[in-house]
Amino acid sequence: MKRNNIFHFSNVVALQNDAPTGVAYTSQNQSVAAFVAAEKAAFYHCAFYSTHNTLFDYKGRHYYESCYIQGSIDFIFGRGRTIFQVSFIVTSLFYIVT
């Protein structure tokens, strides 16, 4: 949907990557739940689920409102300029490494 040159998703969209985690630092570990590279992309009431590489915010300006993002390792990454407004970012790890 396009409104005022802003592409957006709304109304409860859930994206889930249930692929196996794979081997780190190899091509077998590249699947993501969402790859966002658009300019001015906005997501409202959306959910993103994965264990590794959940949300690839590759490039552009992005806005997430009332979203749920869950992962365990590097689950939000990229070079996008992003705002998360009233959103839940949840780790599915049982331990924290600092």
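Numbers at a glance
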read-out	value
Every residue from the stretch 71-89 that is assigned to a strand (DSSP E or B) and either modelled with pLDDT of 90 or more or loosely packed, with under 13 Cβ neighbours inside 10 Å (or both)	Ile76, Phe77, Arg81, Thr82, Ile83, Phe84, Gln85, Phe88, Ile89
So His52, is it modelled with pLDDT of 80 or more, crowded, with 17+ Cβ neighbours inside 10 Å and either more than 20 Å from Val90 (Cα to Cα) or not charged (D, E, K, R) (or both)	no
Unmet criterion (only one of (1) assigned to a loop (DSSP other than H, G, I, E, B); (2) at pLDDT below 90) for Gln28	(1)
Those residues of the stretch 35-53 which are of a type in the set (Gly, Ala, Ser) and within 10 Å of the chain's Cα centre (by Cα), in sequence order	Ala47, Ser50
Cross-chain or 6+ apart pairs with Cβ under 7 Å, the stretch 33-47 first and under 12 Å from Val13 (Cα atoms), then surrounded by fewer than 18 Cβ atoms within 10 Å (Cβ to Cβ) and of a type in the set (Ser, Thr, Tyr)	Tyr44/Ser10; Tyr44/Ser66; His45/Ser10; His45/Ser66; Ala47/Tyr68
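The values are calculated or read from the model by the stated rules, or taken from the named source; none is laboratory data. This one's a predicted model, so the numbers in the text were calculated from it and none came from an experiment. All Cβ positions, glycine included, derive from the backbone under ideal geometry; neighbour counts span all protein chains shown.
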